[in-house]
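The values are calculated or read from the model by the stated rules, or taken from the named source; none is laboratory data. Source: prediction; values computed, not measured. Here the Cβ positions follow ideal geometry from the backbone for every residue, glycine too, while neighbour counts run over all protein chains shown.
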Amino acid sequence: MLRSLQIEHLALLDRAELEPGSGLTVLSGETGAGKSLLIGAIEAITGYRADKNMIRSGHDMASVEAEFALNEANLEFLPDEAREFIEESDIEETLDGKCRYILLLSREIYANGRTRSRINGRQVPLNLLRKVGSYLADIHGQRENQLLFDARTHRQLLDRYGGDELATVAAEYCAAWNRRSEIKAEQARYLAPGLDRELEIERLKTEIEVLRRLNLKEDEDRKLLAKKRQFMDIGRMIEALQAAHSALSGNEADIAGATELMGVALSSLEEAAEFIERAVPLQKSLQTAYETAREVAVEVARTLDRIEISPDALERIDARLNEIAVAKRRHGGSIESILAHLTGLEDELERLDNAAWWLAKLDVQLEEITAELEALAGNLSRARSAAGQRLCREIGQELADLGMKGARFEIQQIQRPFAAA
């Protein structure tokens, strides 16, 4: 449903806004009132011809913006690109208890002849605006195009009417057709006149050898990263223990540690205790702390001695990770993709080494898929014919209900011979 139409500097209109609302909207007026301009604005916003002559005199740009509200049923008939815009922008609202999705189309027309199109605020090519717009507005007039009159849409409309049953048959046919196309492309590649088979075999052998020398294992990069983090944690732990040991026992720079300073303080308190009784408990407390500090210093030293770590282990891990990263950049971004690429190269080498056998196998596959495709084409034709007959009956009944009992709606299905080319 068209919710609103905003126009600026278009022909005779400086600014205009139309909000049709739900149901039927009728615009009437005498000649020159601007009815055709509104139709022209809708044509422009749905991607049809718009040029600089449409710009109001005295301005260098004209713009048209239209807001469409769509429900779930409408979304089914939109092209995939339009549904993507709706999903990305996530603009929706609830009216009358029903969820409606908003699609905002805008177009700017410049004096230099250029135009700029947007869908939900994102700039898009004009042909995409036209494709989306053709599903949102259908202009009926004596000399206007109608979506129903575009023969390219007829099969698509019939398939949509046919529902899931027809869609399943069509999907099976498309899958078989794609498989047949892949087989024919594979045949053409092996039979290409410019293919130097021996040179290609040497290239494959060289690339396979390079990848095999890497000797990659699944999840190797993740395991190496975990090991690297572990080594880094151990390194930080060693630094902390060394700092603690230096603080307790001193270091090679002849800086006294805590135990040595506590020993000096203890001697001083022992001397003071000979003269003042209050120094005795202080001396005993410090004696306990001094002994504890010495025990801690000894245990820290033992812990450091027990930790074994190769000094170049981290360098080896980094070198291996870098080697893997280079291969990942060249072959798909993951070890899985590299291994899959290697398997593909090995299969390709085997096929080139046995080209005659492989081409014969492709011939058999092509014959089988062609037979399957021909059968599926028959199924699809029958399914479309049945859907067409149902549609004709339903439209005929609708026409009769409208008092047009003599009117007929027919779908002509032309079945061409299956092309094996």
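Just to be sure I understand the filter: pairs with C-beta atoms under 8 Å, separated by 6 or more residues or on different chains, first member in the stretch 238-249 and within 13 Å of ASP305 (Cα to Cα), second member in a helix (DSSP H, G or I) and of a type in the set (Val, Ile, Thr). Which pairs pass? Within 8 Å, the pairs are LEU241/VAL300; LEU241/THR303; HIS245/VAL300.
Going by what's in this entry, would LEU224 be described as among the hydrophobic types (A, V, I, L, M, F, W, C), touching a Lys or Arg at 6+ places or on another chain (Cβ under 9 Å) and in the same structural domain as ARG302 (by TED's automatic domain parsing)? Answer is yes for this residue. Taking first residues from the stretch 271-300 that are over 15 Å from LEU248 (Cα atoms) and partners that are in a helix (DSSP H, G or I) and of a type in the set (Asp, Glu), the Cβ contacts under 7 Å between residues at least 6 apart in sequence or on separate chains come to GLN283/GLU270. Number of residues in the stretch 237-294 that are part of a helix (DSSP H, G or I) and either among the β-branched types (Val, Ile, Thr) or more than 60 Å from the chain's Cα centre (by Cα) (or both): the value is 33.
Can you tell which of ILE338, ILE324 is part of a helix (DSSP H, G or I), outside the structural domain of GLN230 (by TED's automatic domain parsing) and closer than 24 Å to GLN230 by Cβ? Working first, answer last.
Working: ILE338 fails: closer than 24 Å to GLN230 by Cβ.
Of the residues listed, the single one that is part of a helix (DSSP H, G or I), outside the structural domain of GLN230 (by TED's automatic domain parsing) and closer than 24 Å to GLN230 by Cβ is ILE324.
Take GLU30 and tell me if it is modelled with pLDDT under 85 and charged (D, E, K, R). Outline the logic, then answer.
Values: modelled with pLDDT under 85: yes; charged (D, E, K, R): yes.
Yes, satisfied.
Here is a check on your reading of the model: is ALA226 surrounded by 12 or more Cβ atoms within 10 Å (Cβ to Cβ) and part of a helix (DSSP H, G or I)?
Considered against the rule, which asks whether it is surrounded by 12 or more Cβ atoms within 10 Å (Cβ to Cβ) and part of a helix (DSSP H, G or I), ALA226 comes out as no.
Here's the yes/no breakdown for (1) within 28 Å of LYS328 (Cα to Cα); (2) assigned by TED's automatic domain parsing to the domain that holds GLU372; (3) free of Cβ contacts under 8 Å to residues at least 24 places away in the same chain:
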site: ARG179; (1), (2), (3): no, yes, no
site: ILE183; (1), (2), (3): no, yes, no
site: GLU186; (1), (2), (3): yes, yes, no
site: ARG189; (1), (2), (3): yes, yes, yes
site: ASP196; (1), (2), (3): no, yes, yes
site: LEU199; (1), (2), (3): yes, yes, yes
site: LYS205; (1), (2), (3): yes, yes, no
site: ILE208; (1), (2), (3): yes, yes, no
site: LEU211; (1), (2), (3): yes, yes, no
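I'd like to know if the stretch 346-354 contains one or more residues that are modelled with pLDDT of 85 or more and surrounded by fewer than 17 Cβ atoms within 10 Å (Cβ to Cβ). Yes, the stretch 346-354 contains a residue that is modelled with pLDDT of 85 or more and surrounded by fewer than 17 Cβ atoms within 10 Å (Cβ to Cβ).
Across the stretch 33-73, the qualifying residues are those that are among the small types (Gly, Ala, Ser) and in a loop (DSSP other than H, G, I, E, B), and the one among them that is nearest to GLN6 (Cα to Cα) is GLY34. Exactly one residue out of GLN413, GLN389, GLN397 is out of contact with any His (no Cβ under 7 Å at 6 or more places or on another chain), among the polar types (S, T, N, Q) and at pLDDT below 85, and it is GLN413.
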